[in-house]
Amino acid sequence: MVRVRFAPSPTGRLHLGNARTAVLNALFAAHHGGAFVLRIDDTDDARCRPEYVQDIQQDLRWLGLSWDEEFTQSSNVENHRILFQTLKDSGRLYPCFETSEQLAIWREQQLSAHLPPRYDREKGKSVPEHDHPYWRFALSEKEVQWHDLIQGPMVCDTRHLSDPVVMRQDGTMSYVLASVMDDVDRRITHIIRGADHLTNTAIQIEMMHALGANIPCWAHFPLMLDQNGDKFSKRSGSKTLRELKEDGWLPLAIVQAVAQLGLSHQISGDFAHMASHFSLSEYSKSNGKFSIDDVAIVQSRLWAHMAHGDLSPDLQGSIDSGLWPVVRNNIVLAGDIARWQQICTDPHWVAHDGMDCSNVSQNFCTTAINALKTGVVCKQSIENSGELLWQTDPWHHWVDAIMVIDPNLKKGVVARTLRMMLTARTGGPKMEDLLPLLPPKIVLCRLERMHDVLLGQP
Ligand code: GLU
């Protein structure tokens, strides 16, 4: 049975990079009907805080992911010690006695001699022994090979690597040992993670061999880069999932966008649909650029395919069902929904939206108001005295009526200016669809207010 794990460190809230790792693992597990294990890597970082564990759980649930098992690395410390002993008994561990200052000096010396900074076992042996060593795992100094499910055939010559530290001087186990132990212990069959962990893989394979454990399959997906080609990080504008939620991003848009990175075909549908089509072999091994605009593209597409009834109850309450199909192609963030409702129903809206009226003349306002009253655009209701009602196809009749009054105007300019005056936007739904949904009274009021603003008497 396929068993994968997502292993975040509880040092803060999850961000998009973590979301990608979690999503790819969860999709792979779901595709194979396997188990998705949440492992909290809380042993190796002074910044780990127990309260972040709940935040991680909350963020994953918000993404729509669920997991079959969960444990913290710190709960497995006893097993890590047993593993340490097993490796020690096998003769693959050796004690080291130098201080970190000494190590830093050796490193500097290697760098200035243009040598790769690598732990020198022989030099280590020259340091006098004492009672508080730290311990390293002796790599084989041979080539380690594996077939990576994304990167293809991989070879790593461990002569180029430093023997990894497995136990620190204070007796705590290092991440590399804890991680190997936990992966073996939980019978993880596939380790799916970012290519930034590739250098650990040969080491972990050697340690697993030394333990006589089964070697899992590996899949290292390429790095997520920002628009400058740097690693996607806080500096590239990466926000936490919590911040993205608060900004009005949809979990499914995030899941689709991070799963899309590195694929050449477009994915769609909900988690189950994506899982049924999921294949690691379709992912590119080249690093891919990512930005929040990629999520925006996916999210706009999701809104555009939603019926009013598909919206969450609070969003449903924020927009009329008749207006939704007209504006849904113009939504990115959840907040845009209430904004369109406001544009179409709030008589006071233009005044406090700070619209740019630099392109609108007072004359144009007067012409637009007069055209609106010609009778071909709207009419007075008979039953409800005084109420204005639209005639059929008011938008085209209105534009035409304006051009009859002022034949020098260009149709495109008229349309763009009216759109700006009514919506304070240069783009949006087709005006012929939107205008009939705006009460004529509001339209008139908006134009008159604009006229007054231009006259300098708000
Ligand atoms: N805690 C590690 C990380 O967040 C997990 C690495 C791994 O997947 O092996 O990078």
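The values are calculated or read from the model by the stated rules, or taken from the named source; none is laboratory data. Just so we're clear, the structure is a prediction, and the values are computed from it rather than from any experiment. Counting neighbours? That spans all protein chains shown, and the Cβs are built from the backbone with ideal geometry, glycine included. Protein only, heavy atoms only, side chains kept; ligands, DNA and RNA dropped before computing areas. Shrake-Rupley method; radii C 1.70, N 1.55, O 1.52, S 1.80 Å.
Laid out as a table, the results:
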quantity	calculated
Selection count, the range 226-252, where residues are more than 17 Å from Gln58 (Cα to Cα) and either at pLDDT 95 or above or among the hydroxyl-bearing types (Ser, Thr, Tyr) (or both)	3
Condition met for Ala257 (in contact with an Asp or Glu (Cβ under 6 Å, 6 or more places away or on another chain) and either within 27 Å of Gly33 (Cβ to Cβ) or at pLDDT below 95 (or both))	yes
Test for Asn363: is it part of a loop (DSSP other than H, G, I, E, B), modelled with pLDDT under 95 and farther than 25 Å from Val327 by Cα	no
Condition met for Met208 (in a helix (DSSP H, G or I), open to solvent by less than 30 Å² (accessible area, probe 1.4 Å) and within 16 Å of the ligand (Cβ to nearest atom))	yes
Test result for Ser179, open to solvent by 20 Å² or more (accessible area, probe 1.4 Å) and not charged (D, E, K, R)	no
Condition broken by Ile254, with the remaining ones in (1) closer than 13 Å to Arg20 by Cβ; (2) free of Cβ contacts under 8 Å to residues at least 60 places away in the same chain satisfied	(2)
Looking only at the range 323-353, and only at residues there that are part of a helix (DSSP H, G or I) and among the charged types (D, E, K, R), the one that is farthest from Gly248 (Cα to Cα)	Asp353
Subset tally (residues that are more than 13 Å from the ligand (Cβ to nearest atom), out of contact with any Gly (no Cβ under 8 Å at 6 or more places or on another chain), on the phi < 0 side of the Ramachandran plot and open to solvent by 10 Å² or more (accessible area, probe 1.4 Å)) for the range 185-205	1
Some residue of the range 103-123 being among the basic types (Lys, Arg), modelled with pLDDT under 95, farther than 21 Å from Asp182 by Cα and touching an Asp or Glu at 6+ places or on another chain (Cβ under 6 Å)	no
Pro440 open to solvent by 40 Å² or more (accessible area, probe 1.4 Å), under 28 Å from Arg328 (Cβ atoms) and either in contact with a Phe, Trp or Tyr (Cβ under 7 Å, 6 or more places away or on another chain) or modelled with pLDDT of 95 or more (or both)	no
Cross-chain or 6+ apart pairs with Cβ under 6 Å, the range 2-17 first and at negative phi, then among the charged types (D, E, K, R) and within 10 Å of the ligand (Cβ to nearest atom)	Arg5/Arg39; Ala7/Arg39; Ala7/Asp41; Ser9/Asp41; Ser9/Asp45; Pro10/Asp42; Thr11/Asp45
So Leu115, is it buried (at least 19 other Cβ atoms within 10 Å of the Cβ) and among the aliphatic types (A, V, I, L, M)	no
Index of the failed condition, Thr172 passing every other in (1) within 13 Å of the ligand (Cβ to nearest atom); (2) modelled with pLDDT under 95	(1)
Residue match in the range 133-140 (condition: among the basic types (Lys, Arg), open to solvent by 30 Å² or more (accessible area, probe 1.4 Å) and either part of a strand (DSSP E or B) or out of contact with any Pro (no Cβ under 9 Å at 6 or more places or on another chain) (or both))	no
Selection status of Ile215, within 15 Å of the ligand (Cβ to nearest atom), assigned to a loop (DSSP other than H, G, I, E, B), under 24 Å from His32 (Cα atoms) and touching a Lys or Arg at 6+ places or on another chain (Cβ under 9 Å)	no
Helices (runs of 4 or more DSSP H) lying entirely in the range 391-458 (those with 1 or more residues that are without any contact (Cβ under 8 Å) to a residue 24 or more places away in the chain and hydroxyl-bearing (Ser, Thr, Tyr))	none
Condition met for Lys125 (charged (D, E, K, R) and loosely packed, with under 14 Cβ neighbours inside 10 Å)	yes
Among the candidates Asp346, Asp320, Asp336, Asp356, residue that is at pLDDT below 85 and of a type in the set (D, E, K, R)	Asp356
Boolean, Ser276 is closer than 18 Å to Leu252 by Cα and modelled with pLDDT of 95 or more	yes
Which numbered condition Ile319 fails, given (1) in a helix (DSSP H, G or I); (2) surrounded by 21 or more Cβ atoms within 10 Å (Cβ to Cβ)	(1)
